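To start, the structure under review is shown below, and the notes come after it.
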Amino acid sequence: MSANSSTHDFSGAFRFCFIAGAVEGASGVVLGALASHLPDHMFAIPNGRAVLHSGVDILMWHAIALCALSLGARFLTLRPARLACLTMLAGTLLFCVSVTLFALFDLKIGTLSVARIAPYGGTLLILAWLLAALSGLRRRSA
């Protein structure tokens, strides 16, 4: 491969993010099944089923987006596309893990609910989408 930064060989961060997105998708199916089939008393909070379903929705949509962005990176400006992928991965993990732990276990870190981490993940997801848009603004040179 050439050292030219416009050449994309689907390695490194993009391959990692694609694999992570696929694993997120599989995890979303598992968590979706739990959200649908667990008895109500298995949820640690009164609206736990709905909270978990919300987390699964975000997980699944961003798993698909992460795979698509990784595969489509060759058409985008690489640096913001790479940053968008990594930020989307971090945001999805922060949001979905905290929501899942809240719904199933009402986990606390000290006296604070783990659910307080979710907005940071959501903020990273917003930033990731803006970075994805930025990566498409400049036309790639051939």
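The values are calculated or read from the model by the stated rules, or taken from the named source; none is laboratory data. Just so you know, these numbers come straight off a predicted model, no measurement behind them. All Cβ positions, glycine included, derive from the backbone under ideal geometry; neighbour counts span all protein chains shown. Ligands, DNA and RNA are excluded from the accessible area calculation, which covers all protein heavy atoms including side chains. Shrake-Rupley method; radii C 1.70, N 1.55, O 1.52, S 1.80 Å.
Results, tabulated for the structure shown:
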quantity: Percent carbon-and-sulfur accessible area, the chain, ignoring ligands, DNA and RNA, probe 1.4 Å; calculated: 70
quantity: Unmatched cysteines, the chain - criterion: no other Cβ of a Cys under 4.7 angstrom; calculated: 67, 96
quantity: Distant alpha-carbon pairs in the chain (separation over 28 angstrom), percent; calculated: 27
quantity: Average accessible surface area per residue within the chain, 1.4 Å rolling probe, Å²; calculated: 57
quantity: Sequence-distant residues sharing a close amide H with residue 108 (under 5 Å, placed H); calculated: 114
quantity: Residue list for region 64-88, given a label point 7 angstrom along the Cα-to-Cβ vector of residue 22 and an amide N cut-off under 20 Å; calculated: 64-75, 82, 85-88
quantity: ³J(HN,Hα) computed for each position of region 64-76 - Karplus, 6.51 cos²θ - 1.76 cosθ + 1.60, integer Hz, glycine/proline x; calculated: 5, 4, 5, 5, 5, 5, 4, 5, x, 4, 5, 9, 10
quantity: GNM flexibility winner over the chain from 112, 66, 52 (Cα, springs under 10 Å); calculated: 112
quantity: Point-to-point label distance, residue 137-residue 75, nm (Cα→Cβ direction, 7 Å offset); calculated: 2.0
